[in-house]
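Undergrad: After the structure tokens below, expect a handful of questions from me.
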Number of protein chains: 10
Amino acid sequence: MLFIVDMKVNLPPDMAPERAVKLKADEREMAQRLQREGRWRHLWRVAGSYANVSVFDVESPEQLQEAISSLPLFPYMDINVRAVCRHPSSIHEDDR
Amino acid sequence: MLFIVDMKVNLPPDMAPERAVKLKADEREMAQRLQREGRWRHLWRVAGSYANVSVFDVESPEQLQEAISSLPLFPYMDINVRAVCRHPSSIHEDDR
Amino acid sequence: MLFIVDMKVNLPPDMAPERAVKLKADEREMAQRLQREGRWRHLWRVAGSYANVSVFDVESPEQLQEAISSLPLFPYMDINVRAVCRHPSSIHEDDR
Amino acid sequence: MLFIVDMKVNLPPDMAPERAVKLKADEREMAQRLQREGRWRHLWRVAGSYANVSVFDVESPEQLQEAISSLPLFPYMDINVRAVCRHPSSIHEDDR
Amino acid sequence: MLFIVDMKVNLPPDMAPERAVKLKADEREMAQRLQREGRWRHLWRVAGSYANVSVFDVESPEQLQEAISSLPLFPYMDINVRAVCRHPSSIHEDDR
Amino acid sequence: MLFIVDMKVNLPPDMAPERAVKLKADEREMAQRLQREGRWRHLWRVAGSYANVSVFDVESPEQLQEAISSLPLFPYMDINVRAVCRHPSSIHEDDR
Amino acid sequence: MLFIVDMKVNLPPDMAPERAVKLKADEREMAQRLQREGRWRHLWRVAGSYANVSVFDVESPEQLQEAISSLPLFPYMDINVRAVCRHPSSIHEDDR
Amino acid sequence: MLFIVDMKVNLPPDMAPERAVKLKADEREMAQRLQREGRWRHLWRVAGSYANVSVFDVESPEQLQEAISSLPLFPYMDINVRAVCRHPSSIHEDDR
Amino acid sequence: MLFIVDMKVNLPPDMAPERAVKLKADEREMAQRLQREGRWRHLWRVAGSYANVSVFDVESPEQLQEAISSLPLFPYMDINVRAVCRHPSSIHEDDR
Amino acid sequence: MLFIVDMKVNLPPDMAPERAVKLKADEREMAQRLQREGRWRHLWRVAGSYANVSVFDVESPEQLQEAISSLPLFPYMDINVRAVCRHPSSIHEDDR
């Protein structure tokens with residue numbers, strides 16, 4: 001099932017640079033693992049913000065919670081979740 | 001270029017039923033035409049609301065404006081638009 | 001899977017009384033059917049408002065959308081949906 | 001009487017890890033004690049957030065205040081409380 | 001138990017004057033009955049608005065819901081409810 | 001004249017405990033002095049929050065400002081003030 | 001005592017023109033009477049809106065309520081009231 | 001030309017007392033200089049808050065920006081600006 | 001002097017078509033006159049909304065008020081105004 | 001294509017002065033480079049705030065993201081982006 005997830009990252013500007021670099025590298029690795037596993041189906045940068053809009057494709061709200069809370073940047077993000085489903089007017093087969 | 005568009009439909013509950021049926025049929029036809037033309041790339045229903053989350057793939061903000069304002073339900077919708085771009089951590093080829 | 005659903009009813013005060021009575025009776029019947037089928041697990045009145053807090057137990061966001069949009073008062077309600085899952089500190093077996 | 005309580009936890013990301021571990025363990029212990037005593041009737045994790053939705057079953061607003069302010073994470077939480085009561089359309093005996 | 005209730009009245013300006021006069025007279029009668037019965041303990045006008053702040057003293061959220069929803073102006077009001085309890089620093093005997 | 005005052009206390013969770021204890025004791029003393037002098041007429045705890053709803057009875061906005069800004073917790077509070085007056089439907093003599 | 005009052009007028013655009021003209025003339029007359037009596041001390045138009053910012057100088061919240069609710073446009077306005085008092089850094093004698 | 005300016009001061013409660021005293025003295029001096037020069041025409045304390053409502057009388061938005069950003073407390077304030085002009089119903093000569 | 005003005009048009013969807021056509025034609029004529037006179041310096045459509053962002057170049061807030069309130073769509077618009085001035089980092093001569 | 005960008009700067013008041021001076025100088029240099037390259041077409045200070053309203057003229061949302069995230073003050077800003085396009089009533093050739 002699909003969830004639209006908005007994530008806004010609020011890294012404290014005075015975080016030690018090496019710590020920020022490490023966090024972002026870890027975040028990237030975890031994000032790519034979740035994408036390869038098929039759970040993170042789309043990932044877009046919001047133009048002009050340190051924020052993204054994502055589409056998760058998971059088997060349950062539990063799996064969504066597990067995926068999102070495993071992100072290294074989770075403690076630094078404002079997150080909004082919306083459950084979505086197939087729209088009756090969609091003609092795209094993958095708009096499940 | 002991609003835009004994430006949130007649409008919330010506010011049809012007046014006392015609209016004449018035949019008028020509402022006609023409007024929705026026209027909306028569906030236009031939505032499917034825009035999907036076939038490749039400009040409306042994803043269309044999902046927000047679970048529990050008369051609302052959708054969409055991804056538009058257009059050549060310019062003008063084309064986005066043209067597409068959205070051509071929708072029969074346009075006068076009845078609250079619409080929010082966010083320009084997005086490729087996320088550096090995305091591994092999906094079509095997350096342009 | 002469980003969803004917490006907040007519903008606020010906005011019936012126009014000048015609706016014809018017989019129409020309002022009929023709508024509410026139909027709403028009640030549908031609400032009780034969904035409860036008997038196990039899809040509407042809890043239903044509480046918010047004290048002092050024409051509003052409720054509900055817990056839906058459905059198999060998918062599609063089923064949630066189907067249940068909520070079938071309610072006769074659906075066109076008159078502001079609705080907010082939150083997907084929830086088991087909390088690691090819960091000791092209640094039915095807090096799935 | 002029942003209260004729907006929304007809790008959002010805002011632990012500072014730079015809290016010493018051992019302090020956070022201790023706080024969460026204490027929170028868990030208190031949450032489970034309140035559940036065993038019957039005052040915390042439901043506890044769900046909001047999918048994708050460090051937040052929960054809870055149902056408290058207490059004898060008075062005083063008892064609610066006492067329960068919530070006894071939580072070790074109380075100083076770190078945004079809390080919203082709604083008093084609820086039996087809904088005339090509910091068929092569940094325990095939806096008091 | 002005590003509840004602080006904020007009520008904002010939104011009468012449509014084009015309501016027939018005799019209807020508005022009747023509604024307000026009925027509201028006044030019901031408000032005074034609830035005050036005489038001890039359930040509506042304080043009632044103040046917010047200066048400069050068609051709004052009031054009230055203190056209800058009831059036996060349960062059910063009784064609060066019953067009192068408020070019995071008001072003739074109930075369909076025209078935005079209502080906010082907060083459960084309160086004795087403050088540890090209060091010296092007033094009746095600040096239960 | 002009467003003012004309804006909402007106060008939400010935001011003590012930093014990492015304040016030195018002895019400092020917090022001292023501040024709260026001073027706050028209590030000042031709150032009780034203002035109550036004894038008749039300027040702080042009601043004081044209720046909002047159930048589930050570190051917040052109160054209060055009724056001040058003062059001779060002028062100046063006196064309200066003087067009372068509130070003298071509170072030791074003043075620098076830590078979000079405060080909202082509403083001037084109220086006698087409601088035409090009130091039957092309570094002390095709802096001035 | 002002084003109150004800063006923000007008023008935003010929301011006249012329905014489809015009001016009969018003669019009715020609107022009459023209402024505005026009556027409003028003007030009442031506004032000028034209150035100014036002549038000294039109760040409405042300042043009145044400014046917010047540039048670009050059908051709104052004003054005003055300073056009322058009254059003897060009590062009751063008198064403020066009486067003045068504002070006597071305005072013919074009162075049923076059509078969103079109104080916000082703030083009690084103010086002399087600022088310790090003011091050098092203007094009339095900034096009471 | 002006139003601007004209504006709302007200022008809310010957010011001094012960190014843990015600022016060194018001598019620093020706060022100095023800042024406030026400097027603020028007072030600058031505020032009084034701007035008042036003497038005629039640019040800060042009214043200055044009122046909002047009762048119950050560390051906030052003021054002010055009327056600036058300047059020759060241009062540039063001069064407003066220059067005046068406000070010269071205030072020692074500028075980095076600690078939330079500021080809202082509204083351009084105002086003469087109201088057609090005003091009878092006060094100085095409500096330019 | 002320059003003002004950034006956001007305008008959101010809320011035409012009732014059930015307005016008689018000929019009335020809407022007339023209003024929009026009148027609006028266009030007035031908007032173009034104000035542009036030719038140099039008072040409406042920029043006018044952009046917000047993509048996906050019946051809204052615009054504009055830059056007005058006027059001699060005073062009075063002139064801004066006069067220009068905006070002369071628009072035929074004025075009664076149907078939500079309008080937000082911000083006074084701006086030259087930015088110290090601007091290199092554009094016409095960013096007065 | 002054009003984007004209206006609102007930027008609000010939130011520099012921590014206790015930042016070391018030399019660090020703030022350096023950041024602002026770097027910001028200025030980058031802002032002027034982007035203006036010279038034609039990507040930052042307008043830049044205005046919001047009167048009375050540490051904020052600006054800007055018009056960016058870029059080839060894609062990617063280029064907007066690249067420009068904004070390259071700003072030294074980017075980690076300290078709240079940023080809002082709106083895609084705009086030519087308005088049918090504009091008579092200015094450069095209101096693309």
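FYI, it's all coordinate maths here, none of it is from the lab. Here the structure is a predicted model, which means the values were calculated and not measured. Methodologically, a virtual Cβ is constructed for each residue, glycine included, from the backbone with ideal geometry; neighbour enumeration extends over all protein chains shown.
Undergrad: Considering only the stretch H:47-57, I want to know if a residue exists there that is assigned to a strand (DSSP E or B), among the β-branched types (Val, Ile, Thr) and touching a helix residue (DSSP H, G or I) at 6+ places or on another chain (Cβ under 9 Å).
TA: No, there is no match, as no residue in the stretch H:47-57 is assigned to a strand (DSSP E or B), among the β-branched types (Val, Ile, Thr) and touching a helix residue (DSSP H, G or I) at 6+ places or on another chain (Cβ under 9 Å).
Undergrad: Of the residues in the stretch F:37-78, how many are closer than 24 Å to residue G:57 by Cβ and within 7 Å of another protein chain (Cβ to nearest Cβ)? Write out each step before concluding.
TA: Of the stretch F:37-78, the ones closer than 24 Å to residue G:57 by Cβ are F:39, F:56-69.
Next cut, within 7 Å of another protein chain (Cβ to nearest Cβ) only: F:60-62, F:64-65, F:68.
The total comes to 6.
Undergrad: Suppose the filter is under 20 Å from residue G:46 (Cα atoms) and touching a Phe, Trp or Tyr at 6+ places or on another chain (Cβ under 6 Å); does residue H:53 pass it? Show your work before the answer.
TA: Numbers: under 20 Å from residue G:46 (Cα atoms): yes; touching a Phe, Trp or Tyr at 6+ places or on another chain (Cβ under 6 Å): yes.
For residue H:53, the condition - under 20 Å from residue G:46 (Cα atoms) and touching a Phe, Trp or Tyr at 6+ places or on another chain (Cβ under 6 Å) - is met.
Undergrad: Further question: Does at least one position in the stretch I:6-26 carry a residue that is in a helix (DSSP H, G or I), closer than 28 Å to residue H:65 by Cβ and either more than 14 Å from the chain's Cα centre (by Cα) or within 10 Å of another protein chain (Cβ to nearest Cβ) (or both)?
TA: First, pick out the residues of the stretch I:6-26 that are in a helix (DSSP H, G or I): I:17-26.
Now restrict to residues that are closer than 28 Å to residue H:65 by Cβ: none.
No.
Undergrad: In this structure, does residue I:2 turn out to be more than 8 Å from chain J (Cβ to nearest Cβ) and either surrounded by 20 or more Cβ atoms within 10 Å (Cβ to Cβ) or touching a helix residue (DSSP H, G or I) at 6+ places or on another chain (Cβ under 6 Å) (or both)?
TA: On the way: more than 8 Å from chain J (Cβ to nearest Cβ): no; either surrounded by 20 or more Cβ atoms within 10 Å (Cβ to Cβ) or touching a helix residue (DSSP H, G or I) at 6+ places or on another chain (Cβ under 6 Å) (or both): yes.
The answer is no for residue I:2.
Undergrad: Which of the residues spanning the stretch C:58-87 are part of a strand (DSSP E or B) and without any contact (Cβ under 8 Å) to a residue 12 or more places away in the chain?
TA: Restricting attention to the stretch C:58-87, the residues satisfying the condition of being part of a strand (DSSP E or B) are C:77-86.
If the condition is that a residue be part of a strand (DSSP E or B) and without any contact (Cβ under 8 Å) to a residue 12 or more places away in the chain, then C:86 is the only one that fits.
Undergrad: Let me ask you something else. So residue G:89 passes all but one of these: (1) within 12 Å of the chain's Cα centre (by Cα); (2) within 7 Å of another protein chain (Cβ to nearest Cβ); (3) polar (S, T, N, Q). Which condition number does it fail?
TA: Only one criterion in (1) within 12 Å of the chain's Cα centre (by Cα); (2) within 7 Å of another protein chain (Cβ to nearest Cβ); (3) polar (S, T, N, Q) is unmet by residue G:89, namely (1).
Undergrad: Where residues in the stretch I:59-77 are surrounded by fewer than 22 Cβ atoms within 10 Å (Cβ to Cβ) and over 11 Å from the mean Cα position of the chain (by Cα), which of them is farthest from residue G:10 (Cα to Cα)?
TA: Only one residue tops the list, namely I:59.
Undergrad: Output the residue which, of all residues in the stretch G:37-63 that are in contact with a Cys (Cβ under 8 Å, 6 or more places away or on another chain) and not aromatic (Phe, Trp, Tyr), is nearest to residue G:26 (Cα to Cα).
TA: Selected residue: G:45.
Undergrad: Which one of the conditions (1) farther than 16 Å from residue H:64 by Cβ; (2) within 11 Å of the chain's Cα centre (by Cα); (3) not hydroxyl-bearing (Ser, Thr, Tyr) does residue I:95 fail to meet, given that it meets all the rest?
TA: (2) is the only condition that residue I:95 fails.
Undergrad: Next up: Name, by its number, the condition in (1) under 19 Å from residue D:8 (Cβ atoms); (2) buried (at least 21 other Cβ atoms within 10 Å of the Cβ); (3) more than 13 Å from the chain's Cα centre (by Cα); (4) not basic (Lys, Arg) that does not hold for residue A:84.
TA: It is condition (1) that residue A:84 fails.
Undergrad: Can you name the residue in the stretch B:1-30 that is in contact with a Leu (Cβ under 7 Å, 6 or more places away or on another chain) and touching a residue at least 12 places away in the same chain (Cβ under 8 Å) and is also farthest from residue C:72 (Cα to Cα) among such residues? Explain how you work it out, then say what you get.
TA: Initial filter on the stretch B:1-30 (in contact with a Leu (Cβ under 7 Å, 6 or more places away or on another chain)): B:3, B:9, B:20, B:23, B:27, B:30.
With the extra rule that they be touching a residue at least 12 places away in the same chain (Cβ under 8 Å), the set shrinks to B:3, B:9, B:23, B:27, B:30.
Numbers: B:3: 34, B:9: 17, B:23: 20, B:27: 23, B:30: 28 Å.
Selected residue: B:3.
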